[in-house]
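Here's the structure we're looking at; comments come further down.
The values are calculated or read from the model by the stated rules, or taken from the named source; none is laboratory data. Because the structure is a prediction, the values reported are computed rather than measured. Virtual Cβ from ideal backbone geometry, glycine too; neighbours counted across all protein chains shown. With ligands, DNA and RNA removed, areas are computed over all heavy atoms of the protein, side chains included. Shrake-Rupley method; radii C 1.70, N 1.55, O 1.52, S 1.80 Å.
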Amino acid sequence: MLFREFNDLSSVRRLRQLAETPYDLTRPGALDGERLQNYRAATGGFDYLYATQRLDEQTLDSLQDLADEAGLVEQFIAMKSGEVMNRIEGFDSENRPVLHTACRDIFSDAPRHPGATEQAREQLARLRRFLDDLDRGRIVNHRGETFTTMVQVGIGGSDLGPRALYIALERYRLPGRSARFIANVDPDDAAAVLSSIDLSRTLFNVVSKSGSTLETLTNERLVKAALRDAGLDPARHLLAVTGVGSPMDNPRDYLASFHMYDYIGGRYSATSMVGGVTLGFALGHDVFVEILKGAHAVDVAAEERSIRANVPLLMALTGIWNRCFLGHQTLAVLPYSQALLRFPAHLQQCDMESNGKSISRNGIPVSWPTGPIVWGEPGTNGQHAFYQLLHQGTTTVPAEFIGFRRSQYGRDITVDNTSSQEKLVANMLAQSMALATGREHANPNKRFAGNRPSSVLIGDRLTPASMGALLALYESKIVFQGFCWNINSFDQEGVQLGKVLAGRLLDVLAAARENGSKNLDGKSLEYALLTASGCLNPTRK
Ligand code: G6Q
């Protein structure tokens with residue numbers, strides 16, 4: 001099958017015309033009650049409010065045409081059913097299906113890909129048995145004590161999603177249990193964690209799909225050395241989550257080991273065992289299952305063809321409107337929830353590693369913009385930091401606000417007749433309005449130009465199920481955008497070159513050490529390394 005290029009779609013031409021006069025949010029009455037009421041959609045317990053985007057009915061109709069013409073929902077269903085989506089036509093590529101949704105299809109009587117869902121069920125059952133053994137004291141440390149801490153050792157997709165979810169849901173921690181994370185090869189990352197835990201009551205969960213990632217294998221060695229130094233047997237403290245047949249797939253080296261499969265991409269793997277083991281340990285098996293349920297509800301809803309009723313599809317198309325037709329290069333994701341502190345970091349990877357591409361699935365350079373630069377921080381903190389640029393800077397930054405009507409802990413205070421949670425939500429809505437409408441002022445320095453697009457995703461409360469839903473909303477949004485831009489959202493060739501060059505530098509350094517050479521020491525270390533390794537002209541090597 002030859003995929004259709006974005007620029008060849010007739011709806012793209014129509015959208016370009018419409019983009020010449022986008023909806024003016026600053027016009028008096030541009031944001032009336034009727035618009036606020038009509039420009040909202042709901043999926044997975046979230047309401048998506050998009051009246052503050054620069055689009056109207058004509059734009060929405062044309063975005064619907066774009067979704068239909070590009071076959072976005074058909075491609076999504078094909079992905080869920082196991083079609084090989086991770087590929088570039090005519091060129092060497094990973095050439096695999098993309099089946100992260102199968103981890104959540106366990107609630108379905110007729111899963112879209114029964115084989116992958118069966119494997120997910122098996123892993124989940126294995127996890128349940130392992131967690132049961134911990135709960136019942138069948139797995140204990142050498143002194144017969146239970147384990148209280150799990151440290152996940154992994155990087156990139158084997159860290160960001162699980163970490164973001166854990167921080168989001170710490171409120172649901174089991175008594176006496178907690179999780180920590182070591183990702184960076186920076187030894188200070190591990191040192192800080194190791195110096196603040198009781199090693200004897202800690203399990204280290206080494207997570208690597210490939211089983212060959214430099215940072216993770218180095219940190220595994222570091223952790224083992226720390227355990228031995230403390231007189232502990234690493235085999236009693238180490239777990240593994242890895243791909244079938246990977247160099248780490250040696251169950252005898254670990255207290256327990258779990259599998260993930262090559263059809264689940266790292267950045268889409270939080271709902272596989274990559275997230276399951278640590279989240280299950282710290283929050284409980286049932287909480288992990290609730291996350292899966294929330295995600296599954298969105299996976300099902302994302303098959304809806306009408307963009308006005310399918311939030312991830314609508315988020316994807318709104319993003320494409322801003323990126324390709326209104327020309328905005330970046331996207332701020334601004335959660336008004338402190339618990340979502342690391343969610344933007346997860347999205348940075350999920351979105352930018354997926355859609356930061358410039359070759360189409362037909363193997364030709366694209367001539368249209370693809371993924372935006374994604375970044376963000378929780379509000380209201382951000383308001384006291386970078387919002388100045390959002391409101392008055394020379395770059396228009398579309399924003400996606402995320403908030404909840406109720407707090408997680410339910411512990412609040414009423415000051416001046418409003419609760420802190422109400423203050424939080426009011427601030428979020430106010431920011432969205434201020435960006436849209438702007439403000440005239442005689443003093444130019446106090447003027448707000450307005451017409452800065454944003455949307456609000458609001459749920460009732462941040463729970464395991466709503467966290468799962470939020471995760472899946474963004475995963476599907478990203479996937480829909482990739483389909484529309486006709487790029488492969490599932491590989492990551494762009495991270496390879498730097499890794500190869502770092503390997504060369506380290507080889508040079510190691511060889512110099514072995515030869516007892518002093519040349520590489522002292523001031524000129526970096527210069528000597530770079531020249532000796534051939535990194536200055538990598539294409540020739
Ligand atoms: C994610 C990427 C990447 C990957 C890490 C860790 O989609 O592939 O971030 O997750 O490089 O890889 P391993 O899990 O193989 O150690």
Report the FRET efficiency, 1/(1 + (r/R0)^6), for residue 367 and residue 515, where r is their Cβ-Cβ distance and R0 is 60 Å, rounded to 0.05.
0.75
Alpha-carbon Debye profile of segment 278-420, log10 I(q)/I(0) at 0.12, 0.14, 0.22 Å⁻¹:
-0.69, -0.92, -1.46
For segment 10-93 the mean separation of alpha carbon contacts under 8 Å (6+ apart) over residue count, i.e. relative contact order in percent, is 29 percent
Using a Förster distance of 41 Å, the FRET efficiency for residue 461-residue 233 (Cβ separation, nearest 0.05)
0.45
So who's got an amide H within less than 5 Å of the one on residue 153, skipping anything under 5 residues away but keeping other chains? H placed 1.01 Å off N, in plane.
182, 205, 206, 207
Derived scalar couplings ³J(HN,Hα) [segment 388-399; Karplus, 6.51 cos²θ - 1.76 cosθ + 1.60; whole Hz; x for Gly, Pro]
3, 5, 4, 8, 10, x, 7, 10, 7, 10, x, 10
Given +1 on the Cβ of Lys and Arg, -1 on the Cβ of Asp and Glu, and no further charges, what dipole in debye does segment 331-485 carry about its Cα centre, rounded to the nearest 20?
140 debye
³J(HN,Hα), Karplus 6.51/-1.76/1.60, whole Hz, each residue of segment 330-344, x for Gly, Pro
9, 9, 9, 9, 10, x, 8, 6, 4, 5, 8, 3, 9, 5, x
Which is farthest toward the positive dipole end of the chain among 144, 326, 368, measuring Cα position about the Cα centre, with Cβ charges +1 (Lys, Arg) and -1 (Asp, Glu)?
144
Expressed in µm² per second, the diffusion coefficient of segment 103-245 from the Stokes-Einstein equation, with Rh the Kirkwood radius over alpha carbon pairs, at 37 °C and 0.692 mPa s, is 200 µm²/s
What is the angle, in °, between the Cα long axis of helix 496-514 and the longest principal axis of the Cα atoms in the chain? Nearest 10 is fine, range 0 to 90.
30 degrees
Considering the dipole of the chain built from charges on the beta carbon (Lys and Arg +1, Asp and Glu -1) around the Cα centre, which of 114, 450, 196 is farthest to its positive end?
196
Would you list which aspartates and glutamates come within 13 Å of residue 209, measuring only between C-alpha atoms, while excluding same-chain residues fewer than 8 positions from it?
159, 249, 262
Kirkwood Rh, Cα Rg: Rg to Rh for segment 1-42?
1.19
Alpha carbon centroid spacing (whole Å) that separates segment 456-506 from segment 312-373:
9 Å
For a quick check: with amide H placed at 1.01 Å from N, whose amide H comes under 5 Å from residue 487's, ignoring anything fewer than 5 positions away on the same chain?
361
Extending each Cα 7 Å along its Cβ direction at residue 330 and residue 447, get the distance between those two points in nm, one decimal.
2.3 nm
Can you sort 477, 499 by 1.4 Å-probe accessible area, starting with the largest?
499, 477
Along the three principal axes, how long is segment 375-461 when you take its alpha carbons, biggest first, rounded to the nearest angstrom?
42, 29, 20
For the chain, build the charge dipole from Cβ charges (+1 Lys, Arg; -1 Asp, Glu) around the Cα centre, then report which of 341, 235, 288 sits farthest towards its positive end.
235
Taking the highest mean first, how do the peptides 418-426, 252-260, 467-475 order by number of other beta carbon atoms within 10 angstrom per residue?
467-475, 252-260, 418-426
Efficiency by 1/(1 + (r/R0)^6): what FRET value for residue 69 and residue 427, r their Cβ-Cβ distance, R0 = 35 Å, to the nearest 0.05?
0.35
Per residue, in Å², the accessible surface of the chain once ligands and nucleic acids are set aside, probe 1.4 Å:
43 Å²
Work out the length of the dipole vector of the chain about its Cα centre, built from +1 on the beta-carbon of each Lys and Arg and -1 on the beta-carbon of each Asp and Glu, and round it to the nearest 20 debye.
860 debye
Per residue, the convex hull volume that the Cα atoms of segment 384-434 enclose (Å³)
103 Å³
Roughly how big is segment 28-111's charge dipole about its Cα centre, with Cβ charges of +1 (Lys, Arg) and -1 (Asp, Glu), in debye to the nearest 20?
380 debye
Spelling out what I want: for every residue of segment 69-82, take phi, set θ = phi - 60°, compute 6.51 cos²θ - 1.76 cosθ + 1.60 (Karplus), and round to whole Hz; glycine and proline get x.
5, 7, x, 5, 5, 4, 5, 5, 5, 4, 4, 4, 8, x
Under 5 Å, built H, 5+ apart or other chain: amide partners of residue 238:
204, 255
Provide the convex hull volume over Cα atoms per residue for the chain, in Å³.
189 Å³
Rank by packing, highest mean first: peptides 103-111, 397-405, 502-510, 209-217, with packing defined as the count of other Cβ atoms within 10 Å averaged across residues.
397-405, 209-217, 103-111, 502-510
By the Kirkwood definition, with r running over pairs of different Cα atoms, segment 252-311 has a hydrodynamic radius in Å of 13.5 Å
Within straight-line cross-link reach of residue 423, aspartates and glutamates at Cα separation under 15 Å, skipping those fewer than 8 residues along the same chain:
412
